[in-house]
Amino acid sequence: MSEQLAEGRHLDLKQKPNWGVLLEEALEAPGQLSDTYNRFYPYSFLNQIALRMQGATEPVATYKKWLEMQRQVQRGEKALAILRPIVVNKEDEFGFQERKVRGFKWVRCLFQYSQTEGEELPPYRPAEWSRERALANLAIKEVAFTELNGNIQGYANENDELAINPAARWPLKTTMHELGHLVLKHPKWSEEEYQQHRGIAEFQAEATAYLTMNEIGARDQMNPAESRAYIQNWLKTTTKPDEGQMRSVFTATDKILKAGRDE
């Protein structure tokens, strides 16, 4: 891998010498996942249907969980209901206690993001790069985030649209990640291509975000160790990226940076 990366720097990065070093850092330096992708409880498919039927269209969490995230449920808001198991302790034939599910009951215990309020920090604006300009120049439209699972930070689709979770831990880095997917045309892959090459797609999108965030001086607007862990974990599921796939990361990075700069 190191020889391949060294060759990539020589071939592709004559004017951008740091990008190869950063990509090697992303691939090789130790990474560590934090709670960005598991802050919210992943509710069952059945409960997601129930929540949709009640009008939920945003990340949901309990009152206590929103408080942990420095958000307060607004006065007068009605909780959404989900099915919760009725669990009882029962003694088995050997005298040991075991937990068994006796049934389910409806419990009103969840609130969606728009039912809460908290101190809204102004969006981070890099000095020489504009998110709005980049979206316009790349002909990409931002749409409302409609996933119930708050652990999903954002997504992109085949219509050149992206959506960012309003409770995303690192919204600018997530934007760069989704821009990477769109510039590299990942959402336009067939289902077969997606399933076969998803690991490479996630590597390319996150590597693009890693490079762009460093280039615009926004490293403090992401968790570099977590980003590295994300890349390395996805690459465990697929073959290692070849030179062309790595070169595409540099091309996407350059395109996104140019689109957001006033040049």
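The values are calculated or read from the model by the stated rules, or taken from the named source; none is laboratory data. Nothing here was measured: the structure is a model prediction, and the numbers come from that model. All Cβ positions, glycine included, derive from the backbone under ideal geometry; neighbour counts span all protein chains shown. For accessibility, only protein heavy atoms count, side chains too; no ligands or nucleic acids. Shrake-Rupley method; radii C 1.70, N 1.55, O 1.52, S 1.80 Å.
Would you pick out the residues in the range 217-263 that are in contact with a Lys or Arg (Cβ under 9 Å, 6 or more places away or on another chain), surrounded by fewer than 15 Cβ atoms within 10 Å (Cβ to Cβ) and not charged (D, E, K, R)?
THR237
Output the residue which, of all residues in the range 69-94 that are open to solvent by 100 Å² or more (accessible area, probe 1.4 Å) and among the acidic types (Asp, Glu), is modelled with the lowest pLDDT.
Once the filter is applied, the top-ranked residue is GLU93.
Restricting to the range 1-55, name every residue that is more than 30 Å from LYS65 (Cα to Cα), modelled with pLDDT under 80, open to solvent by 40 Å² or more (accessible area, probe 1.4 Å) and in contact with a Phe, Trp or Tyr (Cβ under 9 Å, 6 or more places away or on another chain).
Scanning the range 1-55 gives ARG9, ASP12, LYS16.
Name the pairs: first residue in the range 244-255 and over 19 Å from LEU135 (Cβ atoms), second residue basic (Lys, Arg) and open to solvent by 40 Å² or more (accessible area, probe 1.4 Å), Cβ to Cβ under 8 Å, at least 6 apart or on different chains?
Final answer for the pair search is PHE250/LYS16.
Identify the residue in the range 118-141 that is open to solvent by 80 Å² or more (accessible area, probe 1.4 Å) and closer than 27 Å to ARG52 by Cβ and, among all such residues, is modelled with the lowest pLDDT.
So the first thing to find is which residues in the range 118-141 are open to solvent by 80 Å² or more (accessible area, probe 1.4 Å), and the list is 119-125, 127-128, 132-133, 137, 141.
Pick out the ones that are also closer than 27 Å to ARG52 by Cβ and you get 120, 141.
Working: GLU120: 81, LYS141: 98.
Per the criteria, the residue is GLU120.
Please verify whether GLN115 is out of contact with any Gly (no Cβ under 9 Å at 6 or more places or on another chain), in contact (Cβ under 8 Å) with a residue 40 or more places away in the chain and more than 30 Å from THR212 (Cα to Cα), treating the condition exactly as stated. Outline the logic, then answer.
Numbers: out of contact with any Gly (no Cβ under 9 Å at 6 or more places or on another chain): yes; in contact (Cβ under 8 Å) with a residue 40 or more places away in the chain: yes; more than 30 Å from THR212 (Cα to Cα): yes.
Yes; evaluated as a whole, the condition is true for this residue.
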